[in-house]
Each structure stands twice: as C-alpha cells, then as structure tokens.
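> Got a structure here, written out as structure tokens. Questions coming.
Every read-out reported here was derived from the displayed coordinates using simple, explicitly stated rules and does not represent laboratory data. Keep in mind the model is a prediction, meaning the values are calculated, not measured. Backbone-built Cβ (ideal geometry, glycine too); neighbour counts: all protein chains shown.
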Amino acid sequence: MGMLEENPKAKSDACLACTACITTCPITAATQEFRGPKLIGPAQGRLHFAEDDVEPSIDYCSNCKNCDISCPSGISVSTLNMLQRGAYYRKHRHPLRDNMLAHSERMMKLARKMPLGVFFANLGMEIGSKSGMLKAIGIAGKRTMPKFASQSFLQRFRKLKQTAYPDKVVFFPGCYINDNAPQVGMAFVEVMQRNHYEVIVDEKFVCCGSPLVVTGYLDEAEENARKNTERLRFWREQKYPVITCCTSCSLMLKQEYEELFGQEEMHKNGENIFDSFEFLWSLKEKGRLDTKLKPLAKSYIYHAPCHLRVQGIGLPALELMALIPKLSVENADAGCCGISGNYGLKEDKYEISMKVGEDLFKRIEGSSSEAVLSDCGTCRMQIEHGTTKKAFHPMELLAAAYR
Amino acid sequence: MSKTDVIVIGSGFAGLMAAAVSVQRGKKVKILTNGSGSFPLNSGLIDIMGYPDSRRACSSPKAGIDILPDTHPYKKIGSEAIAAAMDFFIKLTQEEGYPYQGSLAEQQWVPTALGTMKPSGLVPKSMQGQCCFSEKEILVAGFKELKDYYPEVIIENLKTVLGTEKNYTACVLETELGGGRDLTTVDIARWLETEAGFDNFCRQIRSNLPKDSVVILPPVFGTKPSCDIFERLQRELSCRFVESTGLPPSPTGLRLQKMLHAYLRRHQVEIIENVKVMGSLTEGRRCTGVFVRNAAREQLHEADDFILATGGFYGGGLQMQVFGEVKETIFSVPVKFAATEETWANEELISGSPQLFAKIGIDTDARLRPIGTDGKCHLENVFTAGRNLSGYDFCYEQSGNGVALVSAYQAAMSI
C-alpha cells in the first residue's frame, strides 16, 4: 500500500473526522452493518502497518465515491478502501462469485471465439438464474443478468465504413458497451462522423480494470493499467484524444489509475482522456459542434452516475441535451442508483443495492417522463430493474437527433 | 463551460444562501464546490448574537449587535440588511415546509446535549425550547448505546438553569437497530422515518410519559427538512417535544442542507461538484473567470460576478503554512494577521474567553468586497461571505450561521 503515503489525494492524515462522508454514504444509510467510509478508509488506513488488522465491514463499500464527493479535505476515501480491500485479498482467497464478476471480459473474449458462444453464454446465464445455480454461488437470484449482444461493438465496428477526416479521436469502448450495449458505441461513431471526426478503436486496449479493483483483484487491475497506460501514452503522443461513453471507464483512466498505482505518467495520460459529452461540449465551445439537430418532441428524466459526478466536470450530457429542440430532459438528482458496477449483482448485497436506489426509483416513477437517460450501463440496468421505465444512453438520443 | 451571471465558490451554509439570494434576484447562478460543506457539524440553528462581550447573554440579538465594535461584519453590513436577511431566510423555510422562527427583538432558547440553555436567533419548530421555562414536567429521553447523551447529566445541569422546583424524569429508549457500528443520532433519525421505528418509539415514550410533559431529546426527528415526525408525535402523544442540539453527525444540520439544496434545485441553480478552485483570471480590477481542477485537468469557469464562500481555516478558505502569513489562494486577497505568537491563541480551549485567531480573516468594504493592499477594493466584482470574513469569533459570540446568513445576503445583494 505504498500509494497511501505518496499520493496526497489518498492521505489519511488529512481527514478531520468531520463525518461528511458518513452522512453522504448511501451504504451507511442502507445498513447498520457498514461502519462507514471514515472509519474504514482514513481511520483504518492509518493502521495499515498492522499487518493482520482488517476491518471486516470493508466488504460493504461499493466504491460509489459519494464519500470523495462530500469530503471537504479532498481525500479519495473510496480509493483508500479499495487499496485495503486489495491488500486483504493478497492474503485471502476470493469467492468464486467475485472471480466471475471481475472477469467478464475474459469470459466473453472466449465465448465470442466459439461458434454460438454468445448464445450459450446468454443461455447459461438464463439456466443459471432459473435453476438457482447463480444464486448458489452468490449472484443475486432476483436480478436479470445483463444480456450479451449477438455482435460485439468491435465486431460491428470492424464492418463499418467511415468517412476519413484529418481530425481523429480514439474510442475506448469498455466491456459493457462492447459486450452488452454496442449500439451506444455505434451511436458515438455516428455522432463523431457527423462532426467530421474519424474514430479509431485500438484493439490493444483491455478492460479498464474497474470490476477487478472493486472485487479486490488489485494486482490484475495493475496489470491492465500497465497495458492500457502504454497505449494511452502512444495516443497522447499522437495528440489524439481518448474518449469513453462509460463514466466508470473514464474515471478509472483519468484518475483512479494514478490514485491506485501512483505513476506520474498516469496523470499526464489522464489529461488526454475525455468523457464523450465532456468532449462534445468542448467542441460546442470552440464553435466546432454541428448544432443542426432535429426536434425530438419527447420527455426524459436524466440520472447522473456517481462516477460522473465525482469527475468534477458537471453534467455535460444534460447541457448538450438542452440543444435538441422540443426535447425536455429533467434532472432526477436523487442520488446513487445502488448498483455500483457489480456490487448490486451480488446475492448478499442485492437488498442493500435496491434500498439505496429507492429514492431514485420513486423519483423516476413519479415523473411524467417517458424514459430515462443515463451515461452509465450498469445504472441503466439497475433503473430498468427497479422501475417500469426503459433507460438509454444520451448518445443514442443525440445520434437520433442528427438523423 | 458556459458563462454565467454569478459564480459562488463553496457550498457551505454561506455559499448556499448566497446562491439562493442571487437566484431570487433573477441571476443565473453556478456553485463550484469541493466537498459538501460542514453541515454534519452544524446545529441547524441560526445563532444571530448571544454573547457580544461577556459570558452574560445579551437580552436580544439586536441589543447584542448594537454594542459590537465597528470591525464586526454585522456593523459593516448594518441593521437593515440584517433584518432583511432574516426575513428572506424565514420566507425560504416557509416555502420549503420546514419553517424557522425568531427575530432580532428576542432570543430563542434551545436546550443543549449538556443540559444548558443556549440563545439562538432563528430556530426550526422542533427545537424551540421556550416551553422548558414555563412547563412543570420535564422528561429527558436518551437512547441506549447513543454516546455523549446522558439524561441524568442533562437533568442535573438543567436544574441550575430552569430551577429545582420542576419535576424531572430521565428515560432511556431502545432502537434495536443493532449492527456493527456506534449508534448516532442520524441512525436514530432514519429509524424514526420508518413506520416500524415510529411505532416502536411511540410505544416506549408513552410508557414513560408523565401528563403534560415537555420531552427533551436529541435531534432525531428525521433527516429530511420536514416537520412531519415532530407534528405527528405531538398529535398522537399530546405533549410538547423539543429537540436539543447534539453531537455530530447532526441531523438538524443535514435538514438545513437538504432544504437549501431543494430550494436551489427548484430555482435551477447549477452545482458543479468535486472541483477545487485553484486561481482566477483578472483584467485590471475585475475578475473574469476562475480555474478549477477536476479529475484530470484544469478548466476555466467564467462569470460576471463572484462570491467567495470558501470558509476559514477549517474549511480551507484561509491557509497558514508559515506563522503570520495567512493566505487566500483563489484571488490572492491580502489577509492581515494582527496577532503575535503570544497572543494569537488562548491556550485554554474551554476557558470562556475569546480566541484571537478566530477574528483573523478578510477585511472588506460595506459591500463585502475584499480590501486590497492599497486600501481600495481588491477586485470590483468579488464579494465575500461567511467564515473567511475578519472580525468575529462565532464560537465565543454564538453567531454561528448568523454572520454566514447575513453576509451571504449582503454579498448577493451587492451585485
């Protein structure tokens, strides 16, 4: 845990014990079993020299990062938690369930190489769910597992003929968009082409590592970070911005690599990484965005993912949606949805996850909007599970307004 | 980022109030915030003025303000704006359904977790403790496993303030919340928000309740800015409840925060979370924008006017690395340090004497614009609100939240 001392954002000693993180933490509000971010991150972090001193309730932290948002001393409390969880699992065995949740990229890479692999992956999930097998290994039985798309984003992208432009951006699809929501990635390419950008997809990128970090596979996450850092350096040197449509991927690449693994270079690369709507908004400011948008007479409610809020860039998708004529988008502003990546997929965290999302679900159901917009894939999954409404990535809507 | 009319830096009580007043004046407002303010440490009370010059409470906030020195922010702002700020706040709380009461003409008395009665200025309904003086039966209720709230101790102290001729009863209630952490008033407040918790609480208090009692208990009537739990309890149990102040984290501070956020949301105030404002861009004596650091890079936010509500030493608005050199890092406002190593702090923390360091802060003109080294305003369109102002010791005076409210109002009205 060398990073704890070296990285000022992760410094335990800056904690004044003001309790802002405890009162903001959605998990602390949902269960008395969690001792809260202050006691786990900064307080326990100070004891990291005591080798076997592990705070058992660290398992409850979902890494949603509301503690970081609330902290007046600028401490990345959640990162301290993840460093401690990683240290724990260097000495303890992972449950099978965590192994599965952390490595969906590996599984899907295999499945896509086999004939009918995706069909069987989906079938396997369905049988696993109906037979209670998933529940038996600790995956929430009440949940519909995310469906894998028959064709991945990469498979669809390879077949696409783009118009070549001198301006280029590099797209980092991330696992969820690649395997579960390729239409979001395709919408992004369409939007960039409309704005006279050519999109490059670098197939040497691997999973950003977010699912590995939260399940305590810190060494594997560092390995992924190392591989991606090499590619990110390459694209930075080419002066091509790297863009993601997934707010957890962008947070990992921009900020968490540096916080967790502490290399100077990761910070430099971070400056070249953009959330897709953050990038589009910067085009708007330069007068470089095509603003000929078709009216869409529809109403949506927008949920800002926590991993976007923590980036300190405001809510750029919401600002951009306001440019679409006749479109009405209200901001739900009702806190965390509760899923936090793979946290809510765990059987023993399912009830907590649904309790955290309660306020948001009520807000969405009580709104007259016909559907929901959110930049995060697992947030959308949770919203569709917890409400009767459909959820889309705002990029899908923007692409529609350009058509 | 798109340019706005007013940028407020900080989302503590002063920042949120400055935004509320600005937006009410028809301005487009953006808040930039690093952290969510110190509301968990905030009693939720708006103390206007309790002890201007001695350990004897002044008869009214107005009487206290009248005898303050000219260097005090209240004196710069003036009594008209103080009254207008209080009116603005009361109206806001009524609109939001969590009304506060109080005036410059009289102190509001609130019981504390130690069993003293403290003077305050504007007080939410559930904390009004005037009835403790008039009623004869006082029941003090604590909760099992809630630390630092001991009904017997509270009663012993209350006797010295309220007199020994009343009937005092202590009781300890149970939440059966269990779990692996220390119980806090926020946990109990969340428990009371559930039907099961509410019923359980009613059952227990009913069996302890002498007729026509005033029930004093820690601040536990929910975490939301609403009087529902308080009013329902008074109705169902036909007695008078008073929430005292308590230890952090404070549900009453969180209610204040949630109320202001709800107000700002309804009025379309934009809040950019988790950004640290690093510096400013100026043209002559005007500021045109501030630089923030976000997750990956620096970004410029532009506006016509700026309100600096970054707090004092605790909130990070003022910093001192080298003794005697106090810095405000965003606008590089000069901050005087009128103290020596011998006088800056009074070593006895709980001595009942003021602390000189508490009065260190930014000197301003009447419109709350910081004064530069040349004696003129430092920047024409930068205004200051809250704890980074010089000339007041909120702990000693008991003017916490009061100076913040009034200076936020004045700063926003000066634009």
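> Indicate the gyration tensor shape class of chain A (rounded, prolate or oblate), computed on the Cα atoms with a ≥ b ≥ c the square roots of the eigenvalues: a/c under 1.5 is rounded; otherwise a/b larger than b/c is prolate and the rest oblate.
rounded
> Something else about it: For segment B:66-72, in order, what is each residue's ³J(HN,Hα) by Karplus, 6.51 cos²θ - 1.76 cosθ + 1.60 with θ = phi - 60°, in whole Hz (x at glycine and Pro)?
Those phi angles translate into 4, 9, 6, x, 5, 7, 6 Hz.
> Continuing with the same structure: Between A:Gln162 and B:Asp53, what is the spin-label point distance in nm, taking each point 7 Å from the Cα along the Cα→C-beta axis?
About 7.5 nm, to one decimal.
> Say the cut-off is 24 Å between C-alpha atoms; which of A:Lys38/B:Lys147; A:Lys362/B:Lys258; A:Lys65/A:Lys389 go over it?
A:Lys65/A:Lys389
> While we're looking at this one, here's another question. Fewest first, what order do B:Thr343, B:Thr169 take by the number of other Cβ atoms within 10 Å?
By the 10 Å Cβ count, ascending, the order reads B:Thr343, B:Thr169.
> Under 14 Å Cα-Cα from B:Lys62, which aspartates and glutamates qualify once same-chain neighbours fewer than 8 residues away are excluded?
B:Asp47, B:Asp53, B:Glu80, B:Glu106, B:Glu397
> Another question, then. By how many degrees, between 0 and 90 and to the nearest 10, does the Cα long axis of helix B:79-95 differ from the longest principal axis of chain B?
Rounded to the nearest ten degrees, it is 60.
> For B:Glu176 and B:Arg265, calculate 0.36 nm times their separation in residues minus their Cα-Cα distance, and state this gained length in nm to one decimal.
28.4 nm
> Helix-only mean residue ellipticity at 222 nm, chain A, DSSP H runs n ≥ 4 weighted -39,500 (n - 2.57), per residue, nearest 500. What is it?
-13000 deg cm²/dmol
> With just the Cα atoms defining each centre, how far is segment A:125-173 from segment B:292-338? Give it in Å.
46 Å
> Give me A:His303, A:His267 ranked fewest to most by other Cβ atoms within 10 Å of their Cβ, as a rough exposure proxy.
Exposure proxy ranking, most exposed first: A:His267, A:His303.
> On to the next question. Give me, ordered by chain and number, the residues 5 or more places off B:Gly279 or on other chains with an amide H under 5 Å from its own placed amide H.
Here B:Phe291 satisfy the definition.
> Still on this structure: Tell me, what is the FRET efficiency for B:Met320 and A:Leu116 to the nearest 0.05, using R0 = 56 angstrom and their Cβ-Cβ distance as r?
The formula returns an efficiency of 0.25 here.
> Mind checking the angle between helix B:13-24 and chain B's longest principal axis? C-alpha axes, 0 to 90 degrees, to the nearest 10.
70 degrees
> Shifting gears a bit: Around B:Val215, which amide H atoms from residues at least 5 apart in sequence, or from another chain, sit under 5 Å from its own amide H, with H modelled in the peptide plane?
Sorted by chain and number, the residues that satisfy this are B:Leu139, B:Arg240, B:Phe241, B:Val242.
> To the nearest 10 degrees, how steeply does helix B:195-208 sit against the main Cα axis of chain B, on a 0 to 90 scale?
Tilt relative to chain B: about 50 degrees.
> I'd like the Karplus ³J(HN,Hα) series for segment A:334-349: coefficients 6.51, -1.76, 1.60, θ = phi - 60°, whole numbers in Hz, and an x wherever there's a Gly or Pro.
Listing the rounded values in order: 10, x, 5, 7, x, 7, 6, x, 9, 4, x, 7, 7, 3, 6, 10 Hz.
> To continue, here is another question. Summing -39500 (n - 2.57) over the DSSP H runs of n ≥ 4 in chain B and dividing by its residue number, what mean residue ellipticity at 222 nm do you reach, to the nearest 500 deg cm²/dmol?
After summing the helix terms and dividing by the residues of chain B, the value is -8500 deg cm²/dmol.
> If you don't mind, there's one more thing I want to ask. On full extension of the chain, what length is gained from A:Arg46 through A:Glu265, given 0.36 nm per residue of separation minus the C-alpha to C-alpha distance?
Extra length from A:Arg46 to A:Glu265 when fully extended: 76.2 nm.
> Here's something else I'd like to know. Could you work out the local net charge near A:Met321, counting Lys and Arg as +1, Asp and Glu as -1, over the other residues with Cβ closer than 13 Å to its Cβ?
Result for the local shell: -1.
> Next question. Which net charge results for the neighbourhood of B:Thr252, defined as the other residues with beta-carbon distances under 12 angstrom from its beta-carbon, given Lys and Arg at +1 and Asp and Glu at -1?
Residues near B:Thr252 contribute +3 overall.
> What residues qualify as long-range amide H neighbours of B:Ile371, i.e. H under 5 Å apart, gap of 5 or more or another chain, H built at 1.01 Å from N?
B:Asp363, B:Thr364, B:Asp365, B:His378
> Looking at B:Trp109, B:Gly163, B:Asn34, which one has the Cα that reaches farthest to the positive end of the dipole of chain B (charges on Cβ: Lys, Arg +1; Asp, Glu -1)?
B:Asn34
> A follow-up question, please. Any chance you could run the full-extension gain for B:Glu347 through B:Thr329? It's 0.36 nm times the residue separation minus the Cα-Cα distance, nm to one decimal.
3.7 nm
> Label B:Asp304 and A:Leu323 with points 7 Å out from Cα along Cα→Cβ: what is the distance between them in nm?
That separation, rounded to one decimal, is 2.5 nm.
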